[in-house]
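Taking it in order: structure first as structure tokens, then the write-up.
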Amino acid sequence: MDTQNAPPFVDFQDVWLAYNEQLLRENHFAVEAIDLQVKKGEFIAIVGPSGCGKSTFMKLTTGLRMPSMGRIRIDGQPVTGPLKISGMAFQAPSLLPWRTTVDNVLLPLEIVEPYRSTFKAKKKEYEERARRLLQKVGLAGYEDKFPWQLSGGMQQRASICRALIHEPKMLLLDEPFGALDAFTREELWCILRDLWTEQRFNVILVTHDLRESVFLADTVYVMSKSPGRFVVKREIELPRPRELEVTYTKEFSDIVHELRGHIGAIRQGAAAGAPAVPLPQ
Ligand SMILES: Nc1ncnc2c1ncn2[C@@H]1O[C@H](COP(=O)(O)OP(=O)(O)O)[C@@H](O)[C@H]1O
Ligand SMILES: [Mg+2]
């Protein structure tokens with residue numbers, strides 16, 4: 001595919017959002033002036049301080065919120081309401097405790113068309129698909145267990161399977177590994193890397209972990225708070241496939257330090273009461 005001239009998969013043009021009419025009248029925007037183009041199949045990560053608008057950006061991307069100003073297109077189409085082409089996973093795995101792992105993974109197929117109307121007829125086939133996916137992320141043998149019988153890391157694997165079962169074109173992850181210990185987190189980085197390498201859906205990953213963003217993403221964006229803006233775009237040129245060993249190289253830690261510097265500058269600006277100065281891209 002000619003990715004050079006292909007239209008962007010995610011296309012934000014000067015997007016602003018105020019959460020309600022009053023805030024809009026007061027010119028109080030949760031995010032502002034977002035201009036962002038993401039290629040098909042690209043893996044992007046967004047880092048920035050709490051409250052800077054990362055989750056707001058996710059809501060705009062999935063059509064859960066409409067912008068106050070500006071234009072958003074996903075996969076060539078203007079966003080006019082909640083999108084079906086995306087899957088989501090959050091910090092809390094939010095599995096339903098009364099359903100087994102495999103039944104939790106099947107949930108989107110019971111809700112989203114075109115699966116919903118054929119769910120009863122094709123249940124066996126869908127269940128096979130869910131079991132294959134669970135095996136791929138290392139949950140063979142746990143398919144028929146309940147969430148409370150699984151560790152935190154296993155629950156998060158299952159919730160990633162649930163986000164991917166309907167083969168979405170885009171996967172949105174809002175701090176998905178934040179609650180896990182460092183070893184489990186790195187295991188899940190590799191699982192996500194492998195699923196993405198195989199299926200090449202678009203990923204938007206929100207994270208506080210700079211190492212995570214550099215290990216996984218093609219491009220890392222840094223957001224600032226008040227105003228909630230994208231202030232830095234950093235392409236990660238580390239070759240793929242990336243193994244965990246790369247995280248111990250100088251090349252890797254130089255990029256992490258560089259990003260850390262940008263975040264430090266933003267936080268200082270905020271502490272001094274001054275707006276963060278937009279940095280050159
Ligand atoms: N439903 C809402 N109504 C009003 N303001 C909101 C709402 N959700 C978030 N905000 C505000 O928008 C800003 C960005 O929030 P959010 O996107 O959740 O930040 P992040 O995910 O980066 O922590 C914050 O100032 C927050 O208080
Ligand atoms: Mg958030």
On Cα atoms only, tilt of 101-111 relative to the major axis of the chain in degrees: 70
3J(HN,Hα) from dihedral phi, the range 53-59, Karplus parametrisation 6.51/-1.76/1.60, rounded to Hz, x for glycine, proline: x, 5, 5, 4, 4, 4, 5
Radius, Kirkwood style, for the range 122-191 when every pair of distinct Cα atoms is counted (Å): 12.8
Electrostatic dipole magnitude of the chain [Cβ: Lys, Arg +1; Asp, Glu -1; Cα centre; debye, to 20]: 600
Net charge of neighbours whose Cβ lies under 12 Å from the Cβ of GLN156, counting Lys and Arg as +1 and Asp and Glu as -1: 0
Sites matching GluC sites (Glu not before Pro) across the range 15-74 that sit in DSSP coil, with at most 13 neighbouring C-beta atoms within 10 Å: GLU26
Within a Gaussian network of the chain (alpha carbon springs, distance under 10 Å), most fluctuating of GLY41, GLY269, GLY228: GLY269
Rg over Rh [alpha-carbon atoms, Kirkwood Rh] for the range 94-141: 0.98
The range 101-203: chymotrypsin sites (Phe, Trp or Tyr not before Pro) in DSSP loop, at most 16 other beta carbons within 10 Å: PHE119
Highest-MSF residue in the chain out of LEU164, LEU238, LEU23 [GNM, Cα springs under 10 Å]: LEU23
Viscosity 1.567 mPa s, temperature 4 °C, Stokes-Einstein D of the chain from Kirkwood C-alpha radius, µm²/s: 65
Modelled FRET efficiency - R0 45 Å, GLU26 with ASP75, Cβ distances, 0.05 increments: 0.85
Cβ-placed point charges (K, R +1; D, E -1), dipole of the range 61-132 about Cα centre in debye, nearest 20: 80
Karplus-derived 3J(HN,Hα), 6.51/-1.76/1.60, for each residue of the range 254-260, Hz, glycine and proline x: 4, 5, 4, 4, 4, 5, 4
D (Stokes-Einstein, µm²/s), Kirkwood Cα radius, the range 32-82, 1.306 mPa s at 10 °C: 131
Segment ASN5-ALA270, length gained on full extension (0.36 nm per residue, minus Cα span): 91.5 nm
Fraction of accessible area attributable to carbon and sulfur, the range 111-247 (%, probe 1.4 Å): 51
Geometric extent, Cα atoms of the range 78-226 - Rg, Dmax (angstrom): 15.5, 51
5 angstrom amide H check on LEU95, placed H, neighbours 5+ away: none
Cβ-derived FRET efficiency at R0 35 Å, HIS257 paired with GLN199, nearest 0.05: 0.65
Cα Rg, Dmax (largest Cα-Cα span) when computed across the range 58-118, Å: 14.6, 43
DSSP-loop GluC sites (Glu not before Pro) across the range 158-238, with at most 10 other Cβ within 10 angstrom: GLU237
Cross-link pairs LYS40/LYS233; LYS40/LYS124; LYS59/LYS136 - those with Cα-Cα distance over 24 Å: LYS40/LYS124; LYS59/LYS136
Farthest toward positive dipole pole in the range 150-222 [+1 Lys/Arg, -1 Asp/Glu at C-beta], among ALA179, LEU192, ALA163: ALA163
Choice from SER117, SER86, SER253 showing the highest fluctuation, given a GNM over the chain with Cα pairs closer than 10 Å: SER117
Heavy-atom accessible area per residue - the range 178-281, 1.4 Å, Å²: 50
C-alpha center-to-center spacing [the range 23-80, the range 145-176] in angstrom: 24
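The values are calculated or read from the model by the stated rules, or taken from the named source; none is laboratory data. All figures in this text were calculated on a predicted structure; none of them were measured in a lab. Quick reminder, even Gly has a Cβ in these numbers, built from the backbone with ideal geometry, and neighbours come from all protein chains shown. Protein only, heavy atoms only, side chains kept; ligands, DNA and RNA dropped before computing areas. Shrake-Rupley method; radii C 1.70, N 1.55, O 1.52, S 1.80 Å.
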